[in-house]
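Derivation of every value follows stated rules applied to the coordinates shown; laboratory data play no part. All figures in this text were calculated on a predicted structure; none of them were measured in a lab. Quick reminder, even Gly has a Cβ in these numbers, built from the backbone with ideal geometry, and neighbours come from all protein chains shown.
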Amino acid sequence: MMNRADAVCGSPVSPLTYTTHTYALAMRQPTPDAPRKSPYSTSSASFPTSPRFSYHIAASFIGKDRPYDPSTHVFHFNPYNRIQPPRHRRRSSRPDSGHDAFFVSRINDSGSVAFGIADGVGGWVDSGVDPADFSHGFCDYMAASAYEHDPANSPPLTARRLMQQGYDAVCNDRSLQAGGSTACVGIAAPDGTLDVANLGDSGFLQLRLNAVNAYSEPQTHAFNTPFQLSLIPPSVAARMAAFGGAQLSDLPRDADVSQHYVRHGDVLMFATDGVLDNLFNHDILKIASRVMVSSGAWQMTPSGGVRVADSIDSLTRPASLAEAEPNGKPPRTVTLQSLLATEIVGAAKTASINTKVDGPFAKEVQKYYPHEQWRGGKVDDICAVVVVVSEDNSGSRSKL
């Protein structure tokens, strides 16, 4: 996979379209009131040390070859909901994300939150295996492990350790026979530290004040062959031993690990290659900047720079807008984080079926296999988890 930040010929991103809902969110300007406990964000009210950050999280997703509906293909994180044990979950309860999966969970009562994505390896279909079973099970186990983590009696939970715990659990699940996935996992703490472990060609971006502040590099063995966790059944292992060949099977210890610090107004995005193969980093930044500026979360300064509004909590709180959806649907809940997620996934979906504008995957094919004459986007499952960071108003905050 190419370095997406180095690409200079990305697909043009259509201007932000103001529906009833996007316009209403844009008009819901930030208010200077004191921070309130939001049911859709982690709360740091019980931690007196300053500074303290809250994380407002949403996800959007869509399986390939399916129409995208931003009003239904969206998830709002509520840290007060209990995480259901993985073995009690049914396939019918999975989001309509195809082989892609995601999770978000508070880490017990620590004020930290864990989140991530996994992209099931489609090649297992040829062996009669549903790749979604591994990726969704893997994410379910990571969510449960984070939720049940006891900081007082356990080593600190890192992103790589959480990935290992999820992988161990999915490998020991007798209902799963085989499968594999990439993974990108993050743990954000109320003190503003962000720990990331990335394995494969999924990845993350950290956006700050109209700039890409940090991003992950894809891990690949060869073109379109990402690092991947695998559950290999004994029959396949025996066949490979007898006739040669090898099944890719990387481990959590092979993941790239990085540490970052967040600031008030940062936007974090964790996404599968359905996003990153179709949108360059600067495409994603353009989308996020339009949403953040139009909502008032990011504000233009007289000198032409960008600053973060003093308080953005009012934009991240859920609010069912007054007007109903077309066709008699109930009102749609829109938050700043959900609008960011749906705008990014919607743009990736549009780019994936565009046959004329070359995205990152097309550029990569043209580089290594020019005779293929690949043009346009890459049809794939698409999933993104978006986090909006806000700092509690107690204490001073630098004017950025």
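Observations
- Sites Thr333 and Glu372, calculated FRET efficiency, Cβ-Cβ separation with R0 56 Å, nearest 0.05: 0.85
- Residues with amide H under 5 Å from that of Asn213, placed H, sequence gap 5 or more: Gln206, Leu207, Arg208
- ³J(HN,Hα), Karplus 6.51/-1.76/1.60, whole Hz, each residue of the stretch 54-62, x for Gly, Pro: 10, 10, 9, 10, 9, 9, 9, 6, 6
- If only the Cβ of Lys and Arg carry +1 and only the Cβ of Asp and Glu carry -1, the dipole of the stretch 109-238 around its Cα centre is close to 240 debye.
- Protection-proxy order for peptides 363-372, 57-66, 120-129, each taking the mean of Cβ atoms within 10 Å per residue, highest first: 57-66, 120-129, 363-372
- Phi-based couplings in Hz for the stretch 268-279 (Karplus 6.51, -1.76, 1.60; Gly and Pro marked x): 10, 10, 10, 8, 7, 5, x, 7, 6, 7, 10, 10
- Once you reduce the stretch 129-175 and the stretch 58-105 to the center of their Cα atoms, the two points are 17 Å from each other.
- Karplus-derived 3J(HN,Hα) values for the stretch 101-115, using 6.51 cos²θ - 1.76 cosθ + 1.60 with θ = phi - 60°, are 9, 8, 8, 9, 8, 6, 9, 6, 10, 7, x, 8, 9, 10, 7 Hz; glycine and proline are entered as x.
- Here's how it looks for Gly179: its modeled amide H is under 5 Å from those of Leu231, which are all 5 or more places away or on a different chain.
- Computed from the C-beta positions of Val257 and His282, the FRET efficiency with R₀ = 41 Å rounds to 0.95.
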